[in-house]
Each structure stands twice: as C-alpha cells, then as structure tokens.
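Data block below; observations after.
The values are calculated or read from the model by the stated rules, or taken from the named source; none is laboratory data. What you see is a predicted model; the values in this text were computed from it and never measured. FYI the Cβ positions are ideal-geometry reconstructions off the backbone, even for glycines, and counts take in every protein chain you see. Calculation scope for accessible area: heavy atoms of the full protein, side chains included, ligands and nucleic acids excluded. Shrake-Rupley method; radii C 1.70, N 1.55, O 1.52, S 1.80 Å.
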Amino acid sequence: MNIPQSKNPRIVIIGGGFAGIALAKKLRNKKVQVVLLDKHNYHTFQPLLYQVATGGLEAGSIAYPIRKVIQEYKDFYFRLTAVKEIDTVNQKVIAEIGDLHYDYLVIATGSKTNYFGNKEIERNAMSMKTIPQSLNIRSLILENFEQAVLTKDVSERNTLINFVLVGGGPTGVELAGALAEMKKAILQKDYPDLDITKMEINLVQSGDRILNTMSEKSSLAAEKFLVKLGVKIWKNVRVTNYDGKTITTNSDLTFETATVIWTAGVQGAKIAGLDGKSMVEKVERIRVNKYNQVAGYDTIFAIGDIASMETELYPQGHPMMAQPAIQQGKLLGENLVNLLNNKPLKSFEYKDLGAMATIGRNLAVVDLPQYHFSGIFAWFVWMFVHLFSLIGFKNKAVVFLNWVYNYIRFDREGRLIIRPFKKKSFTTFTSDEV
C-alpha cells in the first residue's frame with residue numbers, strides 16, 4: 001500500500017462512515033500513524049440519500065472527500081480499496097491493493113441491506129444504502145415514467161407507476177413522503193399525457209405500526225401525515241417474494257409493480273477473518289465489550305453499526321444509527337490514546353439524543369428524551385439538525401439553498417437520468433449497475 005514506516009504505533013481504520021470519521025478526527029495529530037481504508041473516496045451523509053433518490057438533492061451535496069477531511073493531519077493516510085480479509089494471527093489487513101500490518105485495528109464498516117436470505121427479492125428489489133444505489137433508484141423511477149408514456153398497455157402502465165416500499169422505518173417513511181410530494185406537485189407537470197392519479201405509493205410494514213423505534217405518538221402522527229399525502233399503508237403484512245413484477249405476501253395481498261425499494265432491515269457489513277464466536281450471526285454484527293474491543297482480541301476494535309455492545313438497556317446492541325456510531329468513534333479515539341499511555345479506558349455510555357423523521361413539506365416527527373412533537377416546528381428542527389450535521393460549509397450551503405428553492409418553487413430539479421439503470425422487462429436503457 002506504500003505506507004511509510006513510522007516510529008509511532010499504526011492504527012488502521014476500515015470504513016469512512018460516521019464512526020470512522022469521528023474516530024479519525026479524535027486521532028488528529030496524536031502520536032500515532034493512522035491509515036484509513038474505504039472503497040469510496042468520500043464520506044456519505046446517509047440520512048439524506050432518499051432526497052438524492054427522489055431528485056431533491058444532487059449526490060455531491062451529501063458527499064465529502066475523505067482526503068479533504070484528513071489533509072492537514074500529520075502521519076495520516078488514506079487508501080481507496082475494499083478490504084477482503086483480516087489476518088488476526090499476523091496482524092495484517094488483506095485488501096485488494098495489498099496487505100498492511102497494524103498495531104491496532106478498528107472495524108467501522110457500517111451496515112448493508114438485509115434481505116433475510118431471500119435471494120429473489122435481493123436480485124429484483126432496489127436498496128438504498130449508498131449514493132450509487134440512490135442514483136439507480138432515481139434513474140429507475142424516471143425511466144419507468146418515460147416508459148409509461150410509451151406503452152399502450154394499461155396494465156403495464158399501471159405497473160410502471162406503482163411503487164412499493166418495504167419497511168416502515170425512517171427511510172421508508174421519508175421516501176414515501178418524498179414520492180407523494182413528487183406525485184402531488186411535479187410529475188403531473190412533467191407528464192401531462194399520463195394520468196398521475198393512477199400512481200400508487202404503497203408502504204408495507206411487517207409490524208403493527210410504522211416508525212416502531214420511535215414513540216407511539218410520533219408513529220401515529222407520521223401515519224396520519226402519509227395517509228393525507230395519499231400513501232397507502234399496509235401493516236402486519238410481510239413480503240415473501242418479488243419476481244421483478246409481482247409481490248407476494250403472507251396474506252392474499254399482492255402487488256403488481258416494476259419498482260420495489262427494500263428498506264425492511266439492515267445487517268453488519270462483516271469482513272472475513274474474525275473468530276466465529278465474535279459474531280452475532282443473524283445480524284452479522286461483531287460482539288464488543290464496553291470499550292468497543294472485539295471479543296477475543298486485544299488489538300482489534302469495532303464501532304458503529306457493525307459493533308454489537310450488549311447492555312441491559314440494549315440487549316441486542318445499540319441502534320444502527322448515526323449517533324451511536326459518532327459517540328463510539330469519539331470515545332474510542334480517547335481510549336486508544338489512553339491505551340498507548342497506559343491510562344485506564346473509559347466505558348462507553350450511549351447518550352440518546354432522540355430520533356426524528358420527515359414526511360414532507362412542513363411535516364415531521366421528533367422524539368427527544370423528554371418531548372415528542374410533530375408538524376411544522378418538528379420539520380424545522382429536522383432541517384436544522386441535518387443541515388448542521390453535514391460535513392463542509394459548501395455542502396451545508398448547497399443543501400440549504402436547494403431546500404429553500406424547493407420550498408418556494410415546490411420543485412425538485414434533480415430529475416435527471418445521469419446514469420441509466422436497466423430494469424428487466426420494462427426499460428430499454430443501457431445498464432450501469434453498481
């Protein structure tokens with residue numbers, strides 16, 4: 001990897017997500033050599049991926065170059081690569097571009113979409129965990145409408161403009177709201193020769209309420225907002241298969257659709273090489289102790305979505321969200337310095353700052369530790385928090401100006417098929433899958 005030797009201990013971080021970047025910032029100019037590895041050269045602000053998928057924002061406004069984050073850090077290196085395996089015996093990371101020895105290793109690989117073992121759903125549905133995937137969804141949505149204006153077959157046309165979102169968590173709810181707003185104010189102008197009233201947005205949830213990780217008050221408010229926007233919500237319905245055109249469920253309910261976006265679950269993005277006893281099998285997360293140290297290893301740590309720290313309050317590990325990842329990254333930065341200086345380590349205690357989701361224009365729900373509220377004030381709080389959390393002044397400015405423009409004009413100008421995506425049986429565009 002062409003990393004120079006250093007007199008300082010080498011800390012290798014795998015992953016430039018929320019956890020990895022938080023850790024990198026805490027290790028800035030410490031007496032360590034840090035090597036950050038990631039398969040992308042940018043950090044993605046994942047909470048706004050749905051706005052890229054629905055044309056509200058361009059991809060560049062929620063991405064930030066990793067090299068720019070670390071460009072003023074001493075003895076700090078970034079390498080663009082995917083890690084294939086960890087050699088725990090020889091303390092080496094085995095990546096596509098070569099091997100690298102570590103003194104301490106931090107796994108911050110995040111999470112990926114969980115299809116619960118259903119290969120046909122995985123093959124035919126769309127997921128939204130990365131910017132390329134969001135761009136694929138945006139292209140597919142627009143391509144479906146372009147195809148719908150060409151077909152004379154009413155059944156096929158309805159299939160092309162029928163959208164099914166599987167999973168009623170924040171991602172599914174926010175995406176459903178964004179699509180509903182497109183239907184209400186944009187698509188009827190773009191496609192006057194289509195009967196947009198026939199467009200359906202179906203949100204399928206296996207549980208008895210959407211946003212089931214938030215308060216019941218917020219869940220009910222979100223459902224009310226979505227129904228008002230025209231979204232059809234199907235609760236206690238579990239999708240069992242999708243062949244590219246027809247969704248089957250655990251009931252008699254079926255859907256004919258060309259677009260299924262799967263947001264029903266996530267699992268850890270694991271890397272080969274760790275002892276099987278260190279893994280939580282069903283969700284593929286890594287067991288860690290209260291210092292984020294991987295079970296069975298003294299020099300390997302895991303933080304963020306990939307880490308499962310089982311506590312009395314969180315018996316299945318902390319929520320796979322940004323805040324636990326950021327907080328774990330910050331504390332591990334302190335603990336690694338303490339470890340090198342023979343000082344005691346600090347136990348991780350998650351500070352729950354709350355949760356929130358936006359449904360649409362002037363509509364959002366917010367859960368704070370002591371308060372739960374919804375509506376326009378919650379919407380402003382959601383915007384402020386997300387705007388403040390973006391990395392880089394330019395990204396903050398671009399996103400803010402886009403939001404102001406979209407609000408005033410009630411428009412989404414990112415409706416561009418920049419990278420065509422081929423969907424079997426329906427589109428005739430050149431494939432550019434990731």
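Of Ile210, Ile233, which residue is touching a Gly at 6+ places or on another chain (Cβ under 8 Å), among the aliphatic types (A, V, I, L, M), open to solvent by less than 50 Å² (accessible area, probe 1.4 Å) and not in a strand (DSSP E or B)? Write out each step before concluding.
On the way: Ile233 fails: not in a strand (DSSP E or B).
None of the others qualify; the one that does is Ile210.
Give the residues of the stretch 160-176 that are assigned to a helix (DSSP H, G or I) and in contact with a helix residue (DSSP H, G or I) (Cβ under 7 Å, 6 or more places away or on another chain), sorted by residue number.
Taking the stretch 160-176 as the starting set, the residues that turn out to be assigned to a helix (DSSP H, G or I) are 160, 170-176.
Residues satisfying the conditions are Leu160, Thr171, Val173, Glu174, Leu175, Ala176.
Any residue in the stretch 104-123 that is touching a residue at least 12 places away in the same chain (Cβ under 8 Å) sitting within a Cβ distance under 9 Å of a residue that is of a type in the set (Phe, Trp, Tyr) and part of a helix (DSSP H, G or I)? List the pairs, counting only those 6 or more apart or interchain.
Ala108/Phe18; Gly110/Phe18
Within the stretch 241-263, can you find the residues that are without any contact (Cβ under 8 Å) to a residue 12 or more places away in the chain and in a strand (DSSP E or B)?
If we filter the stretch 241-263 for residues that are without any contact (Cβ under 8 Å) to a residue 12 or more places away in the chain, which is where we start, we get 246, 248, 252, 254.
Matches in the stretch 241-263: Thr246, Thr248, Thr254.
Quick one: in the stretch 116-129, of everything that is assigned to a loop (DSSP other than H, G, I, E, B), crowded, with 18+ Cβ neighbours inside 10 Å and not basic (Lys, Arg), which residue is farthest from the chain's Cα centre (by Cα)? Don't jump to the end; show me each part of the working.
So in the stretch 116-129, the residues assigned to a loop (DSSP other than H, G, I, E, B) come out as 116-118, 125, 127-129.
Then drop every residue that is not crowded, with 18+ Cβ neighbours inside 10 Å, which leaves 125, 127-129.
Still in the running and not basic (Lys, Arg): 125, 127-128.
On the way: Ala125: 16, Ser127: 9, Met128: 7 Å.
Among those that are assigned to a loop (DSSP other than H, G, I, E, B), crowded, with 18+ Cβ neighbours inside 10 Å and not basic (Lys, Arg), it is Ala125.
Show the residue pairs meeting these rules: Cβ distance below 7 Å; 6+ apart or different chains; first residue within the stretch 401-415 and part of a helix (DSSP H, G or I); second residue polar (S, T, N, Q) and open to solvent by less than 60 Å² (accessible area, probe 1.4 Å).
Hits for this filter: Asn402/Ser61.
State whether the residues of the stretch 152-168 include one that is open to solvent by less than 50 Å² (accessible area, probe 1.4 Å), modelled with pLDDT of 95 or more and farther than 17 Å from Phe255 by Cβ. Full working, then the answer.
Quick first cut of the stretch 152-168, residues open to solvent by less than 50 Å² (accessible area, probe 1.4 Å) only: 159-168.
Add one more test, that the residue is modelled with pLDDT of 95 or more, and what stays is 159-168.
In the following step, the residues that additionally are farther than 17 Å from Phe255 by Cβ were identified as none.
No.
Please specify each residue of the stretch 347-389 satisfying the condition of being of a type in the set (Asp, Glu) and touching a residue at least 24 places away in the same chain (Cβ under 8 Å).
Taking the stretch 347-389 first, the residues of a type in the set (Asp, Glu) are 349, 352, 367.
Once the filter is applied, which keeps residues that are of a type in the set (Asp, Glu) and touching a residue at least 24 places away in the same chain (Cβ under 8 Å), the stretch 347-389 yields Asp352, Asp367.
Considering only the stretch 267-374, give the strands (runs of 3 or more DSSP E) lying wholly within it that have at least 3 residues that are of a type in the set (Gly, Ala, Ser).
On the way: elements: 285-287, 300-302, 355-360, 363-367, 372-374.
Once the strands (runs of 3 or more DSSP E) in the stretch 267-374 are filtered for at least 3 residues that are of a type in the set (Gly, Ala, Ser), what remains is 355-360.
Name the pairs: first residue in the stretch 221-240 and at positive phi, second residue open to solvent by less than 30 Å² (accessible area, probe 1.4 Å) and not aromatic (Phe, Trp, Tyr), Cβ to Cβ under 8 Å, at least 6 apart or on different chains?
Gly230/Ala180; Gly230/Ile201; Asn236/Gln205; Asn236/Gly207
Take the residues in the stretch 64-79 that are under 20 Å from the mean Cα position of the chain (by Cα) and not hydroxyl-bearing (Ser, Thr, Tyr); name whichever of them is surrounded by the most Cβ atoms within 10 Å (Cβ to Cβ). It would help to see each step written out before you state the result.
Narrowing the stretch 64-79 to residues under 20 Å from the mean Cα position of the chain (by Cα): 64-66.
Still in the running and not hydroxyl-bearing (Ser, Thr, Tyr): 65-66.
On the way: Pro65: 16, Ile66: 22.
Going through the qualifying residues, I end up with Ile66.
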